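These notes concern the structure reproduced below.
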Amino acid sequence: MKKQLAFYIDAKRCIGCFTCAMACKNQYHQESGVIWRDVYELKEEIYPHRERAFYSLACNHCENPTCLNVCPVVAYYKREADGVVVHEQDKCIGCGNCIRSCPYGAPRYNPVLKRAEKCSFCWQRLDDDRKPACVLSCPTDALQIVDLAEFDEANAVQYPAGFPRYPSLNPSVRFRLPAMPKMIRRKL
Amino acid sequence: MSEMELPLVIFTVLSQTAVGLVAISAIRQHAADGPAGSVRPEWMTAALLLIAGLVASLFHLGHPLGAPLAIKHLGSAWLSREALGIGVFTALVIVGFLSARDRVNAGLSFAAAAVGLIALFFTAMTYSPPGFPALNNVMPFVFFLLTAAMVGAGFASYFTSAEKMPMITRILAVSLIIGLVVYLVVPFLWLSGGTVMRQTGLNYISSPLYWARIIVGLVIPLMAIWRMRTLAAWVPVLVLAGEIMGRIAFFLLAVHASANMGGIY
Ligand code: SF4
Ligand code: SF4
């Protein structure tokens, strides 16, 4: 398998502090309401505890990216070297097709520029041997960057509950499931 | 929920009406005996519908001047194929209108109808993306074909001679019956899907817009045809109004897959 960078989301470690999302905002100063990375709380139907669990999600830089496939003006390309899916905003005509098409809600509409945009995996930082801003900022190391060609974590899951399953896109993302909290009950 | 996308509502409904109009015109002129009808005004109407739809579609783009670039990705983007298909269809319809005497040449008529149907298929593929589980299937194609058949037949009645009105009325009545069954059944089928598809079904069933579309665009026109045994001039207007409401519902009520992040899919 060719090198394919991916986010590794360790829900066992994530404390839902939003630092990754803030770091992204700090790095790129997106327009208000335009979010590249967000932290989602698992709903009670999946994680029924007082303790909560979270997934920090952005673009998954899919193996077969629908955003790229549906864009009529070829504003996306996938980097040969590391599989990062890049959106070239100056080429975008703002048709919204990628936004409708991506089931992960990664491309967003920038109402000021009237064009789409999405997580870039901080490819400029990668090219400078630096980690993406979100990964760098995570205080618990719950968000990491891995190469799927070498990644070998037996407990990792691609489609955990609470994350849509689209094998045809093959999203480059892996999760560690959240731990079940230890329940301590007083004996009656 | 999503947005109303009025420019896309106008573009899709008008272009599909033009496809239906041209396809029915080809059949009426060349595959049925009797007078052809008012073919030139009919093809002019189809051309005007397409031009109006194309102009409306520009308002959907953040950068309308980039529209010509939209045919750059024919290799994989259905939207590029759609842009090319509708473009070629519009050109054929304009040539048909300009070259028409009392009929449009048979080869050109059927070629235009075929290209129109292919363009309609491309449009359907554009609007069935993975992001909307309820629509990521054959349904948009069925909905769009029904628009072409229902509104196309309705509009064709304005250009049809009295001898051939029963044929057009029959096409419209059968299309309306199929449309009624499809539109009543599909939202209830969605209820048996995953969370997002089910929510789309619930949005439809609880939406006054959906029920208004069933009554205005399907039930009343069907009853009018049944009671009068002929096609009154106001019926196609109602069918068009129903399709516009239905298309607004199509864009407005479908739930995006990402809306349920963190919940069971
Ligand atoms: S998650 Fe969406 S935007 Fe990101 S690569 Fe996959 S399809 Fe494209
Ligand atoms: S919004 Fe921009 S990037 Fe997305 S499909 Fe349209 S032109 Fe391509």
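Provide A:GLU44, B:GLU5 ordered by accessible surface of protein heavy atoms (probe 1.4 Å), highest first. Each step should come with its number before you reach the end.
Working: A:GLU44 145, B:GLU5 45 Å².
Putting A:GLU44, B:GLU5 in descending order of accessible area: A:GLU44, B:GLU5.
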At a Förster distance of 22 Å, what's the computed FRET efficiency of B:SER192 paired with B:ALA259, Cβ-Cβ distance as r, to 0.05? 0.70
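A plus B alone minus the pair: what accessible area, both sides summed, probe 1.4 Å, in Å² to 100? Present the calculation step by step, with values, prior to reporting the outcome.
Working: alone 10980 and 11950 Å², together 20280 Å².
It comes to approximately 2700 Å² buried between A and B.
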The Cα extents of chain A along the principal axes, largest first and rounded to whole Å, are 67, 37, 31
Over chain A, cysteine residues that find no other Cys C-beta under 4.7 Å are A:CYS14, A:CYS17, A:CYS24, A:CYS62, A:CYS71, A:CYS92, A:CYS95, A:CYS102, A:CYS122, A:CYS138
Which residue, chosen from B:ILE171, B:ALA100, B:ALA119, occupies the Cα position most advanced towards the positive end of the dipole of region B:76-180, where the dipole is computed from +1 (Lys, Arg) and -1 (Asp, Glu) charges on Cβ about the Cα centre? B:ALA100
Put B:TRP43, B:TRP211 in order of accessible area, largest first, probe 1.4 Å, and you get B:TRP211, B:TRP43
Cα radius of gyration and Dmax for region A:95-188 (Å): 18.0, 63
Return a single number: how many Lys pairs in region A:5-176, at a sequence separation of 8 or more or on separate chains, have alpha-carbon atoms below 20 angstrom apart. 10
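Determine the dipole magnitude for the protein assembly as shown: charges of +1 sit on the beta-carbon of Lys and Arg, -1 on that of Asp and Glu, nothing else is charged, the reference point is the Cα centre, and the result goes in debye to the nearest 20. It would help to have the intermediate numbers written out before the result.
Numbers: 40 positive and 29 negative charges, 174 e Å.
With only Lys, Arg, Asp and Glu charged at Cβ, the dipole is about 840 debye.
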Considering chain B as a Gaussian network with a 10 Å cut-off on Cα pairs, which listed residue, B:ARG227, B:ARG247, B:ARG213, attains the greatest mean-square fluctuation? B:ARG227
Which FRET efficiency value, to the nearest 0.05, is calculated for B:ILE51 and A:MET1 with the Förster distance at 41 angstrom and r the Cβ-Cβ distance? 0.25
Taking the Cα centre of chain B as origin and charging only Cβ (+1 Lys, Arg; -1 Asp, Glu), how large is the dipole, in debye to the nearest 20? 280 debye
Rounded accessible area of A:ILE9 (nearest 10 Å², 1.4 Å probe): 10 Å²
Gyration tensor (alpha-carbon) shape descriptor, region B:26-102, a/c threshold 1.5: prolate
Dipole-positive endmost among B:VAL186, B:VAL88, B:LEU65 within chain B (Cβ charges, Cα centre): B:VAL186
To the nearest 10 square angstrom, what accessible area does B:ARG170 show with a 1.4 Å probe? 150 Å²
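Helix-only mean residue ellipticity at 222 nm, the protein assembly as shown, DSSP H runs n ≥ 4 weighted -39,500 (n - 2.57), per residue, nearest 500. What is it? Write out the running numbers ahead of the final one.
Details: 15 runs with 208 residues, N = 453.
Taking each H run of at least 4 residues, the total per residue is -15000 deg cm²/dmol.
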Out of A:ILE93, A:ILE35, A:ILE46, a Gaussian network model of chain A with alpha-carbon springs under 10 Å gives the largest mean-square fluctuation to A:ILE46
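Where the only charges are on Cβ atoms (+1 Lys, Arg; -1 Asp, Glu), what is the dipole of region B:155-265 about its Cα centre, to the nearest 20 debye? Working shown, then result.
Numbers: 7 positive and 2 negative charges, 32 e Å.
It comes to approximately 160 debye.
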Eigenvalues of the alpha-carbon gyration tensor of the protein assembly as shown, times 5 and square-rooted, give semi-axes in Å, largest first, of 49, 26, 16
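What shape does region B:6-260 take by its C-alpha gyration tensor, where a ≥ b ≥ c are the square roots of the eigenvalues and a/c under 1.5 counts as rounded, a/b above b/c as prolate, and the rest as oblate? Working shown, then result.
Numbers: a/c = 2.21, a/b = 1.23, b/c = 1.80.
Oblate, because a/c is 1.5 or more while a/b does not exceed b/c.
Express the carbon and sulfur contribution to the solvent-accessible surface of chain A as a percent, rounded to the nearest whole number, probe 1.4 angstrom. Before the final figure, lay out each step's value.
Values: 4780 of 9670 Å².
For chain A, the apolar C and S fraction of the accessible surface comes to 49 percent.
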Given a Förster distance of 56 Å, the FRET efficiency implied by the Cβ-Cβ spacing of A:ARG79 and A:GLU41, rounded to the nearest 0.05, works out to 0.95
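With a 1.4 Å probe and all protein chains kept in place, how do A:ARG108, A:ARG185 rank by accessible area, largest first?
Values: A:ARG108 60, A:ARG185 190 Å².
From most accessible down to least: A:ARG185, A:ARG108.
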Given the options B:THR200, A:THR19, A:SER172, identify the residue whose Cα lies farthest towards the positive end of the charge dipole of the protein assembly as shown (+1 on Cβ of Lys, Arg; -1 on Cβ of Asp, Glu). B:THR200
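The values are calculated or read from the model by the stated rules, or taken from the named source; none is laboratory data. This structure is a prediction, so every number in the text was calculated from the model and none was measured. Positions of Cβ are generated from backbone atoms using ideal geometry, with glycine treated the same way; all protein chains shown enter the neighbour counts. The protein model used for the area step is the full one, side chains on, heavy atoms only, and it has no ligands, DNA or RNA in it. Shrake-Rupley method; radii C 1.70, N 1.55, O 1.52, S 1.80 Å.
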